[in-house]
Amino acid sequence: MSYLPFFVVAWILGVGLYGIVTSRHLVHQIICLIVVQSSTYVLILGVGYVTGAVAPYFYDIPVHTPAVDPVVQALALTDVVVEAAVTALLLAFAIQAHKRFGTLDPHELVQLKG
Amino acid sequence: MTPALRRGMFLVGIAGFLAFYLWGLTRLPGFGRYPGPYGFVVNRIAVGQTNATGVVSAVNFEYRGFDTVGEEFILFAAATGVATVLRRLRDEQEGGRSRAAFGESPSGTTDAIRLASLVFVGPVALFGWFLASHAQTSPSGGFQGGVVLATAFVLIYLAGQFLAFRRVSPADLIDSVGAVGAAGFAAIGLTAVVLGFAYLYNFLPLGTVPGAVSSSGTIALISFFVGIEVAAAFILIVGELVEQTLLVRAEGGDK
Amino acid sequence: MTPQVADALAAGQPMAVVTPYTVQPALMDALQVVLLILVAAGATVVALTRVPVRQTVALSAYGLLLAVLFLAFQAPDVTLSELVVGAVALPILLLLALTRVRRREK
């Protein structure tokens, strides 16, 4: 149990990369990239977890209650929102590629020239 | 290179990579056995130092505030990039066609969807505002609140009222609101420098009760600016993508 | 943090601190194991679905699963973020982009 999250992280990474490599559609590749990014969220939250501890919000529990690490949660939460905007930028590039070349197949996009 | 050969090469490569990855990960202390002192130290002193009971937001906007400035500007740059790419694409294609030619509701939106979307616009906007303004008390903050606030605007579009969506969020206003949000965050840090402290030092009064809405100094203010910036960025992105889909409809295509 | 709690944490033992939200450690472990396996299965489904529109729906469900997993990891802030982004904002962006490129694919 103490290493199961890390195996799951490695599995998600591998599956996402497999989806990217064997993809025939640019938007499918972008979604597989989202899956790969989600593996890093699970990883850093798994690193910061303390067994038997609660969430680090001391609004109604005493201040010295053992809580999980708040720093990795801060990193993860800004990460999630920012990656959505970067995904939107990738989608804009995919739309432009579709307009220029008429296709979204990465195998065909490689052979066309501007 | 055939697809089967590519897949075989990938499987060999990923097996080697994941072997090294797992070898490194299993040398960590294990899940649940967090050893490092930094998390425990922050948990112990954050409420006393900043009067903010939401320690994650205190870390985000005060202890690691400089990282958050960087992340927010990544968001801002990505939204600006989307606007640049898609607006140029639209100008190449429209060539001065009037936008009033686009009808109000896309065909196929049933009354149930319209009613449900319109009913939820108000509560969702209120909820987004609640999240963005309560960063220091409970699990909330500028980033989540901003996205929920943008979703409220998108619900107007989903209800079939594209013209109302455009009127409520004109492109110029959204651009300026996003810029104000991003600049506001940087300006708070600079104000601290002007007053003689370090960049992003918490110089506002900290309040008396830990966890009240008016406590924790600059954390609440920064969370507000981040909220409006994230909301403006997402409304901008969705607005540009929606205009692209309307181009498809105006070309004589289906819905 | 009291010295006893610090010693127990350093030795890796489960805590016996009781708050209004404390669950038996075994139950929390079981919940986390189930959710981790579901997340791994969900990621496989999302990556192996080839049609992008169906993959978007799968991504929305995967975002919901991830949000519940983050909640089991005692991270409610990350849950909120992942919920609004992964289950709402990202599918909206993807479906709008797919509508834009669908026209000439026919």
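The values are calculated or read from the model by the stated rules, or taken from the named source; none is laboratory data. Please read these numbers as outputs of a predicted model, since none were measured by experiment. Backbone-built Cβ (ideal geometry, glycine too); neighbour counts: all protein chains shown.
For the range A:89-111, enumerate the residues that are among the hydrophobic types (A, V, I, L, M, F, W, C) and surrounded by 14 or more Cβ atoms within 10 Å (Cβ to Cβ).
In the first step, residues of the range A:89-111 are kept if they are among the hydrophobic types (A, V, I, L, M, F, W, C); the result is A:89-95, A:97, A:101, A:104, A:109-110.
A:89, A:90, A:91, A:92, A:93, A:94, A:95, A:97, A:101, A:104, A:109, listed by residue number.
Run down A:92, A:88, A:67 and say which single residue is more than 21 Å from residue C:50 (Cβ to Cβ), of a type outside the set (Asp, Glu) and within 7 Å of chain C (Cβ to nearest Cβ).
Details: A:92 fails: within 7 Å of chain C (Cβ to nearest Cβ); A:67 fails: within 7 Å of chain C (Cβ to nearest Cβ).
One residue alone meets the criteria, A:88.
Being under 20 Å from residue B:76 (Cα atoms) and in a helix (DSSP H, G or I) is the filter here; which residues of the range B:132-151 pass it?
As a first pass, look at the range B:132-151 and keep what is under 20 Å from residue B:76 (Cα atoms): B:132, B:141-151.
B:132, B:142, B:143, B:144, B:145, B:146, B:147, B:148, B:149, B:150, B:151, listed by residue number.
Could you please find all residues in the range A:84-103 being part of a loop (DSSP other than H, G, I, E, B) and in contact (Cβ under 8 Å) with a residue 12 or more places away in the chain?
Quick first cut of the range A:84-103, residues part of a loop (DSSP other than H, G, I, E, B) only: A:102-103.
Result: no residue meets the conditions.
Is it the case that the range A:24-43 has a residue that's basic (Lys, Arg) and farther than 18 Å from residue C:46 by Cα? Even if it seems obvious, please write down each step before you answer.
Here is the first cut: in the range A:24-43, the ones basic (Lys, Arg) are A:24.
Subsequent filtering for residues that are farther than 18 Å from residue C:46 by Cα retains none.
No: the range A:24-43 contains no residue that is basic (Lys, Arg) and farther than 18 Å from residue C:46 by Cα.
Need a quick list: helices (runs of 4 or more DSSP H) entirely within the range C:25-106 having at least 1 residues that are at positive phi and aromatic (Phe, Trp, Tyr). Explain how you work it out, then say what you get.
Numbers: elements: C:25-48, C:52-72, C:76-84, C:90-105.
In the range C:25-106, there are no helices (runs of 4 or more DSSP H) which contain 1 or more residues that are at positive phi and aromatic (Phe, Trp, Tyr).
If only one of B:251, B:243 is under 30 Å from residue B:112 (Cβ atoms), within 11 Å of chain C (Cβ to nearest Cβ) and modelled with pLDDT under 80, which one is it? Steps first, please.
Details: B:243 fails: modelled with pLDDT under 80.
Criteria check complete, one pass: B:251.
I need a count of the residues in the range A:15-48 that are without any contact (Cβ under 8 Å) to a residue 24 or more places away in the chain and either at the interface with another protein chain (Cβ under 7 Å from one of its Cβ atoms) or of a type in the set (Lys, Arg) (or both). Walk me through it before giving the result.
Kept after step one, since they are without any contact (Cβ under 8 Å) to a residue 24 or more places away in the chain, are these residues of the range A:15-48: A:15-22, A:28, A:31-32, A:35.
Right, trim to either at the interface with another protein chain (Cβ under 7 Å from one of its Cβ atoms) or of a type in the set (Lys, Arg) (or both) and you get A:15-19, A:21-22, A:28, A:31-32, A:35.
Looking only at that region, the number is 11.
Confirm whether residue A:91 is over 22 Å from residue B:36 (Cα atoms), in contact with a helix residue (DSSP H, G or I) (Cβ under 6 Å, 6 or more places away or on another chain) and modelled with pLDDT of 90 or more.
Numbers: over 22 Å from residue B:36 (Cα atoms): yes; in contact with a helix residue (DSSP H, G or I) (Cβ under 6 Å, 6 or more places away or on another chain): yes; modelled with pLDDT of 90 or more: yes.
Criteria met by residue A:91.
So which residues in the range A:50-83 are touching a residue at least 24 places away in the same chain (Cβ under 8 Å) and not acidic (Asp, Glu), if there are any at all? Break it down into steps so the answer makes sense when it comes.
Taking the range A:50-83 first, the residues touching a residue at least 24 places away in the same chain (Cβ under 8 Å) are A:72-73, A:75-76, A:79-80, A:83.
Residues satisfying the conditions are A:72, A:73, A:75, A:76, A:80.
Anything in the range B:57-90 that is within 25 Å of residue B:240 (Cα to Cα) and of a type in the set (D, E, K, R)? List them, or say none.
Within the range B:57-90, B:71, B:72, B:87, B:88, B:90 meet the criteria.
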